[in-house]
Amino acid sequence: MPSTEPTIVTIYTDGACDPNPGPGGWAAILRFGTRQKEINGGESDTTNNRMELRATIEAFGELTRPCIVELYTDSEYLRKGVTEWLPRWQSQQWRTRRKRPVANKDLWEALSSVIQPHEVHWRWVKGHAGHPLNERADSLAKAAITRADFTLTETNAIRMFTGASCSGTNGSGGWAVVIHNHKEISTLSGRESNTTSNRLQLLAAAHALSNSPGGQRINIYTPSEYVQRGASQWLPAWQRRNWKTKSGHPVKNRDLWQAIAEGCVANDVHWYLAKSDQIDQEIKQAHNLACEAAPG
């Protein structure tokens, strides 16, 4: 007969960022009996706290059934957040005691969801104190930072850089995109007479994707957090809710988000917030082209 004993899993997690904020990496080590599994990953623009949370979320994503989990972390932000602050945040509609929005709400919500089936014991371990598995997780997280940076120079991806210029909150403006297709460089640009900066950035991304032949690895670098977060985090939820926000309002710029969603289906698209010195020249070029395209 199959054993009814609960599965006991030990997890070590860590996050790293250099500089903070900047390129980051996360890592987790899972141990079950004599078996051990290591996972890690990186993001080009993030924070150390977000990487700590990502490491934990990804680790729980590896569990296929309810378990008793002993989780070790050197992050007081993570341990105190989940054991002390999280229940209060949830009861106060994701507001702090000072009535401010909770930072990293998206990841705290995800973490709250993935730990629900499990009995979790949160253990704090001092970082860089010679604990083998904590040190190993730290090394894996730092190694993932290198991989996150590598996406800036990899040769197999088409790289696209967006720019926008708008006269005021609502007014006329121009958009542009610089496309590096291996050794070939091309540009696209256009204008609108009554628009917003957010819409112009979306236009640049949508036109860039519509000019792709499909089936490509594409890295899009944008100075717009609205575009980067929308495409990488919010878009799937909007589609599931029939293009409604969490509060039930219609998604702004739906036509362009739909065009971007279609482009993402046709290609392997990765979105990056453009804050790296390595791509400063291309982002400036895209912005200058957008200025030139703007009416007047």
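No lab work stands behind these numbers, since they all come straight from the coordinates. Small disclaimer: the values here were computed from a predicted structure and weren't measured. Here the Cβ positions follow ideal geometry from the backbone for every residue, glycine too, while neighbour counts run over all protein chains shown.
Placing a label point 7 Å from the Cα of Thr245 along the Cα-to-Cβ direction, none of the residues of region 171-205 has a backbone N under 11 Å of that point. With both labels modelled 7 Å from their Cα along Cα-to-Cβ, the Arg100 to Gln281 distance reads 3.9 nm.
Shape class for region 18-158, computed from the alpha carbon gyration tensor (a ≥ b ≥ c): oblate, with a/c not under 1.5 and a/b at or below b/c. Taking packing as the residue-averaged number of other Cβ atoms within 10 angstrom, the listed peptides 61-73, 204-216, 85-97 run from highest to lowest as 204-216, 61-73, 85-97. Using the Cβ-Cβ distance between Glu5 and Trp234 with R0 set to 35 Å, the FRET efficiency works out to roughly 0.25. Model label sites at Gln90 and Cys291, defined 7 Å from Cα along the beta-carbon direction, differ in position by 5.0 nm. Against the chain, whose longest principal axis comes from its Cα atoms, helix 132-150 is set at around 10 degrees. Rounded to the nearest 10 degrees, the angle from helix 48-61 to the longest Cα principal axis of the chain is 60 degrees. The overall shape of region 158-293 is oblate: from the C-alpha gyration tensor, with semi-axes ordered a ≥ b ≥ c, the ratio a/c is 1.5 or greater and a/b is no larger than b/c. For the residue pairs Lys183/Lys284; Lys142/Lys244; Lys246/Lys284; Lys80/Lys252; Lys105/Lys244; Lys37/Lys126, alpha carbon separations beyond 26 Å are given by Lys142/Lys244; Lys246/Lys284; Lys80/Lys252.
Could you calculate the FRET efficiency of Asp268 with Thr187 from 1/(1 + (r/R0)^6), where r is the beta carbon distance between them and R0 is 30 Å, rounded to 0.05? With R0 = 30 Å, the Cβ-Cβ based efficiency is 0.85.
Compute the long axis of helix 105-114 from its Cα atoms, compare it with the longest principal axis of the Cα atoms of the chain, and write down the angle in degrees, 0 to 90, nearest 10. That works out to roughly 40 degrees. For log10 I(q)/I(0) by the Debye sum over Cα atoms at q = 0.09, 0.13, 0.16 Å⁻¹, the value calculated from this model appears in [x] -0.44, -0.91, -1.30; [y] -0.53, -1.00, -1.28; [z] -0.59, -1.02, -1.27 under label [y].
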